[in-house]
Amino acid sequence: MTDPTFSVVIAAYNAELTIQETIDSVLAQSDEDFELIVIDDGSEDLTLPVVLRKGATDIRIKVATQPNQGVSAARNLGVAKARGQYLAFLDADDIWHCDKLARHRALHDSDPAIEASYARIAFCPDKPGKIRAGRTSSTVREGYCALEDVVIENVVCTMSNLVIERDTFLEIGGFHRQMRHVEDQDLLSRLVGGGRLLRGIPETLVGYRMSAEGLSCDFQAMLAGWRKLAEQWSHEIDVKRGEALYCRYLARRALRSGTTMALARDFVRQGIASDSKAFLGNGSRGLMTLGAAIAGSVIPERARTIIFA
């Protein structure tokens, strides 16, 4: 059997409401040269039965289970079962544009020195839905990413956005199993910090489901994890400046996700205390974040979602 170009790895935990739509977005890819590996991380709901039903309809789907060990361990298990040249990670509540894999193939074919790539993401409401034209989206850096791009504001945004050569992933050590927060930035920092090339695609190819309930929105734990990560790279980045920008990033995410204004204000306070110039820099971004955190619920939630993407 010929090995596929892409191994898509989904780590799933209690995702019965979203996993089918996620899998369907993979099966709808215009580039069909992939295998799909789903790891059920000890779900306590109907995630596994849903996945097994989907697996019975397409031989490209492979399913494995493990007792709950966290997302990093689940992804590593998926990689261990992968055969593709490239790994493409996808969270169990996100969705892909139908040309996601095709666009990444084109980029890597055009510049073989690139070992990992990402694209824009669209911020979607916490309900089933497709990526719509004109939705609020993330930004993509021009050229290759620097260490600060992945350690501080995390241009990749989510692992659902990353495609990486399997050999490269293994060479840099994969995910640290014990990490439950900033595990994506930890991996990316070892990638870029080791001199490997990461480049973006200026197209919206991922639908990122925003939820105030999910692990990705445990902002205080993310900040604690980021501080540990930044300390490892303190010889190469300005940690004070970095914390200011990361707090601004978290404040904007808090505003965007609809969590309490008190949390957004707390990140604004911490960011300004760390480096006020860095926090308030970059045009109007810092001032708008400060103003919105102060204004609180005066700004409608829909407007916050658009403004703070």
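The values are calculated or read from the model by the stated rules, or taken from the named source; none is laboratory data. Values in this document were obtained by computation on a predicted structure and should not be read as measured data. Quick reminder, even Gly has a Cβ in these numbers, built from the backbone with ideal geometry, and neighbours come from all protein chains shown.
Assorted remarks:
- The numbered conditions (1) surrounded by 19 or more Cβ atoms within 10 Å (Cβ to Cβ); (2) at pLDDT below 95 are all true for GLY84 except (2).
- Residues of region 189-225 that are hydrophobic (A, V, I, L, M, F, W, C), more than 28 Å from ALA28 (Cα to Cα) and modelled with pLDDT of 95 or more: LEU191, VAL192, LEU197.
- Highlighted here are the helices (runs of 4 or more DSSP H) found entirely within region 16-135 that include at least 3 residues which are in the same structural domain as GLY200 (by TED's automatic domain parsing) and without any contact (Cβ under 8 Å) to a residue 60 or more places away in the chain: 19-27, 47-55, 100-110.
- Number of positions in region 63-75 that are closer than 14 Å to VAL8 by Cα and surrounded by 19 or more Cβ atoms within 10 Å (Cβ to Cβ): 2
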